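The structure appears right after this line, and notes come after that.
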Amino acid sequence: MKRTKEQMIAEMAKRDNLENVNKISASVHPRNSIYEKYIKRFLDILIALPLNIILIPVYAVLALMVYFDIGKPVIFRQKRTGKNGKPFDLIKFRSMTNETDMNGQLLPETKRTTKLGRIIRKYSLDELISIWLILKGDMSIIGPRPLPVTFEERYSDRHRKRCAVKPGLECPSIDTDGHIRLYQEQLENDIWYVENVSFLVDCKMVLGLVKMVFNHKERSDHAQVGGGAFVGYDEDGQAFSMRRIPEKYEKEYQLLVEKEENNG
């Protein structure tokens, strides 16, 4: 199977930088408290149970809208990394079609997202059903966002420790000024949470989550400028995504593509 651009650049970054990043990165000391072990889960159930009951009619309406807009299935599923590296199925309402190009590769998200899908994503309605995963126990209200399992081999030893706690709907920075967090800052914020998780920290982050839900501009900015698939680390040990590929890897990728075309 032909490798994607993301896979090829991830291999380059891992080859060149991952070993050194592991050498220079500080160790992580997850907080082992009664709150994180027991109380946090109790609070998740206490909040998620009534929320899921209240949202049942909303789930039904969204499912019907997606069905008539995109068709079956109405739920998007993807393997994500949970606590201690255990994978689970993340679920969302679909907002994109599965259209592909002539080579069988999925078209860019912007071309596959429907008009309804853009509305659903604008207001984060696609993620509402994730509250069910909190009740199920795969996720928590607050915690590092669960990322695809394909990213696992790209993490440094330090950043892999973000999975020492359950993933959550969001892990806002409690001292954020609303600026866009790229991967390096996001991953370091996750590590900070792992080492400092407490009832007070969760309360502050819940307030940050509420603020984020009602701040469309902040969500939109993060979606357009941040994000992208996590690929690896550059020469300075900074995490980067497909939206910020170092120039040297862009050039190496182009050379490899040309070589493959000539050999083909």
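Take the Cα gyration tensor of segment 52-176, multiply each eigenvalue by 5, square-root it, and list the three semi-axes largest first, rounded to whole angstrom.
On the way: eigenvalues 138, 82, 34 Å².
Largest first, segment 52-176 gives 26, 20, 13 Å.
Taking 0.36 nm per residue of separation and subtracting the Cα-Cα distance, what length does fully extending Asn196 through Asn84 add?
Details: separation 112, 0.36 × 112 = 40.32 nm, distance 1.72 nm.
Additional length available on full extension: 38.6 nm.
Take every Cα pair under 8 Å in the chain that's 6+ residues apart, average their separations, divide by the length, and report that relative contact order as a whole percent. Let's see the in-between values first.
On the way: 336 pairs, mean separation 62.8, N = 264.
The normalised contact order for the chain reaches 24 percent.
Need one word for segment 1-115: rounded, prolate or oblate. Basis is the Cα gyration tensor (sqrt eigenvalues a ≥ b ≥ c); a/c below 1.5 gives rounded, then a/b vs b/c decides.
The shape class here is oblate.
Among Ser198, Ser156, Ser25, which one shows the highest mean-square fluctuation when the chain is modelled as a Gaussian network with alpha-carbon springs under 10 Å?
Judging by the Gaussian network model, the answer is Ser25.
Cut-off 10 angstrom, C-alpha nodes, Gaussian network model of the chain. Which of Asp89, Asp175, Asp190 fluctuates the most?
Maximum among the listed residues: Asp175.
Taking each full run of DSSP H in the chain as one helix, which ones are at least 20 Å long along their axis (Cα atoms) and have mean Kyte-Doolittle hydropathy of at least -0.5? Show your work: numbers first, answer last.
On the way: long enough: 40-69 (38 Å, 1.66); 199-213 (21 Å, 1.71); 247-263 (24 Å, -2.00).
Taking the DSSP H segments of the chain (at least 20 Å long, mean hydropathy at least -0.5), we get 40-69, 199-213.
Using a Gaussian network model of the chain with C-alpha springs under 10 Å, which one of Thr150, Thr114, Thr100 is most mobile by mean-square fluctuation?
So, out of Thr150, Thr114, Thr100, the one fluctuating most is Thr100.
Tell me which label goes with the value of P(r) over Cα pairs in 10 Å bins from 0, in percent computed from the coordinates here: (1) 6, 26, 35, 24, 8, 1, 0; (2) 6, 19, 25, 29, 16, 5, 0; (3) 8, 33, 38, 19, 2, 0.
(1)
Given a cut-off of 32 Å, name the pairs among Lys79/Lys204; Lys83/Lys115; Lys37/Lys92; Lys37/Lys111; Lys86/Lys122; Lys83/Lys122 whose C-alpha atoms lie farther apart than that in the structure shown.
Among Lys79/Lys204; Lys83/Lys115; Lys37/Lys92; Lys37/Lys111; Lys86/Lys122; Lys83/Lys122, the Cα-Cα distance tops 32 Å for Lys83/Lys115; Lys37/Lys111.
Where a number appears in this text, it was derived from the coordinates with a stated rule and is not lab data. Please read these numbers as outputs of a predicted model, since none were measured by experiment.
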